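Chemist: My questions will all concern the structure given below.
The values are calculated or read from the model by the stated rules, or taken from the named source; none is laboratory data. Keep in mind that this is a model prediction, so the values were computed, not measured. Here the Cβ is made from the backbone with ideal geometry for all residues, glycine too, and neighbour counts use every protein chain on show.
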């Protein structure tokens, strides 16, 4: 069953629902619903509910359990490989291995709130206790509120590490880093060319600027493979080019 740990603490599940502050107008997304303990509390809270579950057996069981429920959509897919539907709030106990990829992916979506259960050590990275690309991403795109620590006993099977409940909202400010990091799956040179052209350079001018400032090896790397230090250097080199 992949790397999922299913939440069984009913009081915790209720606190997650409270933190999400769901309205009847909300389109709700749950990634990795697993056995559906959180799902059942999300039913009827918003206008619609979409479940994205990679495990075919788990999803089929959920379909049977929730047969007859209205305004619910089931998607059998890896959420990091699937175009997600529009949503206002994502409420999820995420499979641990997809936490970071999803936070990159969410940069391209408009939403109101993410209420997520993540590994506690992972939230330390989000909050910047150790410098990292992930913290730079969070600082650029998101506001993070740490709500509570979650013990291993809240899950079955129990994970090896403790978890945390966090609430994320999206910043609306514009910057070079937002434009650059949101193109995370592109080659560095292609992302920079897009940004420079958007800000008034011709394609030829953009290519010349990039060739002058960056080594060929860095130009060819995808943004996701750049180190924190490389991203910081690129930021310093190119931010003035779009002002």
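Chemist: For segment 143-243, list the helices (runs of 4 or more DSSP H) that sit wholly inside it and hold at least 1 residues that are under 30 Å from residue 92 (Cα atoms); which are they?
Modeler: Working: elements: 176-181, 188-198, 203-213, 216-220, 228-238.
Passing ranges, in order: 176-181, 228-238.
Chemist: Also, I was wondering about something else. Of these, 69, 110, which one is in a loop (DSSP other than H, G, I, E, B), under 18 Å from residue 167 (Cβ atoms) and either in the same structural domain as residue 12 (by TED's automatic domain parsing) or touching a helix residue (DSSP H, G or I) at 6+ places or on another chain (Cβ under 6 Å) (or both)?
Modeler: On inspection, the qualifying residue turns out to be 110.
Here's the yes/no breakdown for (1) farther than 25 Å from residue 147 by Cα; (2) in a loop (DSSP other than H, G, I, E, B):
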site	(1), (2)
28	no, no
35	no, yes
46	no, yes
57	yes, no
63	yes, no
82	yes, yes
118	no, no
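Chemist: What is the number of the single condition among (1) closer than 24 Å to residue 113 by Cβ; (2) in contact with a strand residue (DSSP E or B) (Cβ under 6 Å, 6 or more places away or on another chain); (3) without any contact (Cβ under 8 Å) to a residue 60 or more places away in the chain that residue 161 does not meet?
Modeler: (1)
Chemist: Is at least one residue of segment 92-100 over 24 Å from residue 23 (Cβ atoms) and modelled with pLDDT of 95 or more?
Modeler: no
Chemist: Continuing with the same structure: Could you tell me which numbered condition residue 4 fails, if it satisfies all but one of (1) in a loop (DSSP other than H, G, I, E, B); (2) surrounded by fewer than 16 Cβ atoms within 10 Å (Cβ to Cβ); (3) at pLDDT below 95?
Modeler: (2)
Chemist: In the list 147, 125, 114, 136, which residue meets the criterion of being under 30 Å from residue 239 (Cα atoms) and in contact (Cβ under 8 Å) with a residue 60 or more places away in the chain?
Modeler: 136
Chemist: In segment 47-63, is there at least one residue being within 23 Å of residue 161 (Cα to Cα), more than 16 Å from the chain's Cα centre (by Cα) and either assigned by TED's automatic domain parsing to the domain that holds residue 142 or surrounded by 15 or more Cβ atoms within 10 Å (Cβ to Cβ) (or both)?
Modeler: Yes, there is a match, as at least one residue in segment 47-63 is within 23 Å of residue 161 (Cα to Cα), more than 16 Å from the chain's Cα centre (by Cα) and either assigned by TED's automatic domain parsing to the domain that holds residue 142 or surrounded by 15 or more Cβ atoms within 10 Å (Cβ to Cβ) (or both).
Chemist: Checking residue 104 against (1) out of contact with any helix residue (DSSP H, G or I) (no Cβ under 8 Å at 6 or more places or on another chain); (2) assigned to a helix (DSSP H, G or I); (3) crowded, with 17+ Cβ neighbours inside 10 Å: exactly one of these is not met. Which one?
Modeler: It fails just one condition, (1).
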